[in-house]
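*Asks:* Below is one structure. I have some questions about it.
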Amino acid sequence: GCHLMAAEQTNESNLLAPLAGEVIRIDHVPDPVFAQKMMGEGFGIQEPSSGEIVAPVSGEVTVTTSSKHALGIRTDDGLEILLHLGIDTVELKGEPFDLESAKHDRVTAGQHLGSMDIDAVRDAGKDPTTIVVVTNSADRLDSLAVQGGRCDAGDVAAAATLRG
């Protein structure tokens with residue numbers, strides 16, 4: 001499945017799979033806001049096989065949510081990354097999620113961030129597809145090469161080429 005080459009040029013940055021599952025292009029994500037790239041370029045992980053969540057990038061936590069289903073991280077090279085667990089899961093008020101990070105925490109790519117109870121998400125009628133999106137794509141991103149196929153948490157799922 002997931003064997004994208006590691007970034008070699010200085011203007012490239014790897015995005016890791018935040019959990020194990022099938023990597024899909026963001027336009028295949030079953031949420032129109034994300035699929036139409038309104039939030040930016042990115043990728044999805046569908047049919048997650050494990051609920052363990054790891055950080056897709058290294059950087060500083062900039063956004064946390066009380067419902068614990070989303071986390072924002074700014075990388076040292078200026079990418080704003082949003083990790084979003086499941087589709088329409090804000091309505092679940094945090095119950096299936098344990099994404100414990102505080103604003104201004106430093107996280108390292110591949111570091112354990114928490115968990116999602118996939119069965120609980122499905123039992124609530126929601127899709128556990130998880131999304132990683134570069135919210136400042138227009139400013140900072142030249143292109144994003146997404147690796148399809150099954151990934152383990154922490155595998156390289158996409159390579160971002162930075163502008164400038």
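*Asks:* Take the alpha carbon atoms of region 50-73, find their center, do the same for region 105-133, and report the distance between the two centers in whole angstrom.
*Replies:* 8
*Asks:* Between residue 124 and residue 145, how high is the FRET efficiency from 1/(1 + (r/R0)^6) when r is the Cβ-Cβ distance and R₀ = 22 Å? Nearest 0.05. Mind dumping the intermediate values first?
*Replies:* On the way: r = 34 Å, r/R0 = 1.53.
Approximately 0.05, to the nearest 0.05.
*Asks:* Give the accessible surface of the chain per residue, rounded to a whole number of Å², with probe radius 1.4 Å and ligands, DNA and RNA excluded. Show your work: numbers first, answer last.
*Replies:* On the way: 7470 Å² over 164 residues.
Here the per-residue accessible area is 46 Å².
*Asks:* Choose one of 164, 90, 121: the residue whose Cα lies farthest towards the positive end of the charge dipole of the chain (beta-carbon charges +1 Lys, Arg; -1 Asp, Glu; about the Cα centre).
*Replies:* So the residue furthest toward the plus end is 164.
*Asks:* On the full set of protein chains, 1.4 Å probe, figure out the accessible area of residue 126 and give it in Å² to the nearest 10.
*Replies:* Looks like 40 Å² after rounding.
*Asks:* With no solvent and one point per C-alpha, what does the Debye sum give as log10 I(q)/I(0) for the chain at q = 0.10, 0.18, 0.20 Å⁻¹?
*Replies:* Normalising to I(0) and taking log10 leaves -0.30, -1.06, -1.34.
*Asks:* Treating only the Cβ atoms of Lys and Arg (+1) and Asp and Glu (-1) as charged, compute the dipole magnitude of the chain about its Cα centre; round to the nearest 20 debye.
*Replies:* Details: 12 positive and 26 negative charges, 55 e Å.
Approximately 260 debye in magnitude.
*Asks:* Grab the other residues whose beta carbon is less than 11 angstrom from that of residue 49, score K and R as +1, D and E as -1, and report the net.
*Replies:* On the way: positive: 150; negative: 22, 47, 52, 152.
Counting the neighbours of residue 49, the net charge comes to -3.
*Asks:* Using a probe of 1.4 angstrom, how much of the accessible area of the chain is carbon and sulfur, in percent?
*Replies:* Values: 3370 of 7470 Å².
Ligands and nucleic acids excluded, carbon and sulfur give 45 percent.
*Asks:* Here's a follow-up. Using Cα-Cα distances under 8 Å and only pairs 6 or more residues apart, what relative contact order does the chain have, in percent?
*Replies:* Once normalised by length, the contact order is 36 percent.
*Asks:* How much length is gained on full extension from residue 60 to residue 106, taking 0.36 nm per residue of separation minus their Cα-Cα distance? Present the calculation step by step, with values, prior to reporting the outcome.
*Replies:* Values: separation 46, 0.36 × 46 = 16.56 nm, distance 0.46 nm.
Full extension of this stretch gives 16.1 nm more.
*Asks:* Around residue 110, what is the net charge, scoring Lys/Arg as +1 and Asp/Glu as -1 over all other residues with Cβ under 12 Å from its Cβ? Mind dumping the intermediate values first?
*Replies:* Details: positive: none; negative: 52, 152, 155.
Result for the local shell: -3.
The values are calculated or read from the model by the stated rules, or taken from the named source; none is laboratory data. All values reported here derive from a predicted model rather than from experimental measurement. Glycine also receives a Cβ, built like all others from the backbone with ideal geometry; neighbour counts cover every protein chain displayed. Each accessible area value is taken on the protein alone, full model and side chains, heavy atoms only, with ligands, DNA and RNA left out. Shrake-Rupley method; radii C 1.70, N 1.55, O 1.52, S 1.80 Å.
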